Amino acid sequence: MGKEEIPKWLILNEDGTKSVKEGSAEIIFDDQVFYNPIQEFNRDMSIAAIKIWSQIYLKEKLEKKNKKQELNPDIYNVPKEDFKPFMTEKQLKKRDLQINSMLESAKTSEYKPVNVEHSDFDEYGLTIMEALSASGLRSVRYAKEIPKVSKILTNDLSKDAVKSIERNAKHNKVDGIVQPNHGDACKVLYTGPEYDVIDLDPYGSAAPFLDSAVQAVADGGLLCVTCTDLAVLAGSQPESCWAKYGGMNIPQAPYTHELALRILLHSIQSIASRYKKAIVPLISCHIDYYVRVFVRVYNSAQLMKQSSSKTSMIYHCQQCKSFETQTIGKYMETDKGPKFGPSALEINSTCQHCSHKMHIAGPFYSHPIHDKEFVSRMLGHIATNQSRYGTWERMAGMVMVISEELPNPLYYVLPRMCGVMKCVSPSLTTFISGLLSTGYKVSQSHAMVQAIKTDAPSHVVWDVIRQWCKENPQKGEISETSPAKIIMSKQITSEVSFETRKDAVAPSSKFNLVRFQENPTANWGPKVQIINS
């Protein structure tokens, strides 16, 4: 390797080895076990998510042990306000000021890794299983940076990787916590004990490992899943998506990346249901070339019975890109107890807007894919601990946008809609102002720059587009059978005003953050796994 080819993050040691420093860890590796610097963001997000989950999880365990004992949140080093169910307007303003101050101070400060002592473990020490570990970097960082971790089983199928894990655990003085293991991930999960946290970050699809992981995670534990096979999940290989995940996306649909997340969550919930378990997503992210979800898994037959009411099909028009969703099951609380049953079909086979055929896809998880309280705590943690994360600015940008997202499934993309109508696209602020004027809620999505999430019915969304086209005439010839002509022929039933509104501008846009992720230029994309068994 020539000097000009040596990456900035790579350290060439005098003994001929290579090393890299990330967070509080220093990893020694060779050509048989690669390091991808782009994945630092994934690891930083995972550490932050596990920390916040562990505060909740350990609090629950302590309360179960002694319900009468008053818990002091300060023992977990988090603000007391983070344990309140929701944040007040005053607290939100304080948080915004805190983040703004964080951004300013970070311009002059240097990144300093945090060192965590692990000598004082109690009976509530957390256990973690990293099923596909490679160099062991993730496990080493978990051991050094997440409090209360007592054991991490760090597994890999490659013997070279296991040697690397053992070497790096000793080098970082966490060999008492990180336990290298050579084996097939599924077999280890099926035959081993339960773990509080199970992390699946494979080269490609996590589908082969989901069944064993769901069975091996503790009640209330955390399952962290990465899938890099977006070509499958996002719609270009529908047959493979069905085979691996039990669902189907819409090829080239505007909302395909969120639907990919929801198909993965449906797959996890479907597996959990077999074992009378249920999931609660905490935060679900589309990042670069992959998706990453953090879900709690509960041993609860009652919650499991509600899973059909959290599952939907989607009906999509390929012409005008409109969509409708339909839950598969229904769940109601009655005087006699909960009642379950199948939903009645409410969708027509032709599009109500342009009269073209509707295509069907799914099933997908249609309940919220983010827990608002959890996301708020995670954002606060990032805001007050920026020195602990090398990618904290990117983390803060993504989590802030996620905190603003509406829970409604899927989104519209403004340029796609204007392309259908053959009209000049309004600014995002102008269109959101128009939609807000109809009385409905609107947000953006972290999954796409010009995405529009709303609780407004689809005909109201098209009313806003129709009103815009009336005030800004369409260009070019429009045939009588085109979607644009048919949509414009329908009457506007909503009062729409495009006067700019203050609430049309997202609070996250006030900060100089990367709100929507851009593809990195170097080392971007999944790597090829090298296995020496």
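No lab work stands behind these numbers, since they all come straight from the coordinates. All of these numbers come straight from a predicted model, not from anything done at the bench. We place every Cβ from the backbone using ideal geometry, glycine too, and count neighbours over all the protein chains shown.
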Exercise for the section: Give the residue, chosen from Lys163, Lys173, that is at positive phi and free of Cβ contacts under 8 Å to residues at least 24 places away in the same chain. Expected result: Lys173
Completion exercise
The condition of being touching a residue at least 40 places away in the same chain (Cβ under 8 Å) and of a type outside the set (Lys, Arg) holds, among Ala301, Ala272, only for Ala272
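To keep it simple, each residue is scored yes or no on (1) polar (S, T, N, Q); (2) farther than 26 Å from Leu233 by Cβ; (3) in contact (Cβ under 8 Å) with a residue 12 or more places away in the chain.
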position	(1), (2), (3)
Glu346	no, yes, yes
Ser387	yes, yes, yes
Ser403	yes, no, yes
Arg416	no, no, yes
Met421	no, yes, yes
Val424	no, yes, yes
Exercise for the section: Restricting attention to the stretch 419-442, report how many residues are buried (at least 21 other Cβ atoms within 10 Å of the Cβ) and under 18 Å from Thr500 (Cα atoms). Expected result: 6
Problem - Which listed residue is in contact with an Asp or Glu (Cβ under 6 Å, 6 or more places away or on another chain) and either surrounded by 18 or more Cβ atoms within 10 Å (Cβ to Cβ) or of a type in the set (Phe, Trp, Tyr) (or both), from Tyr411, Tyr389 - result: Tyr389
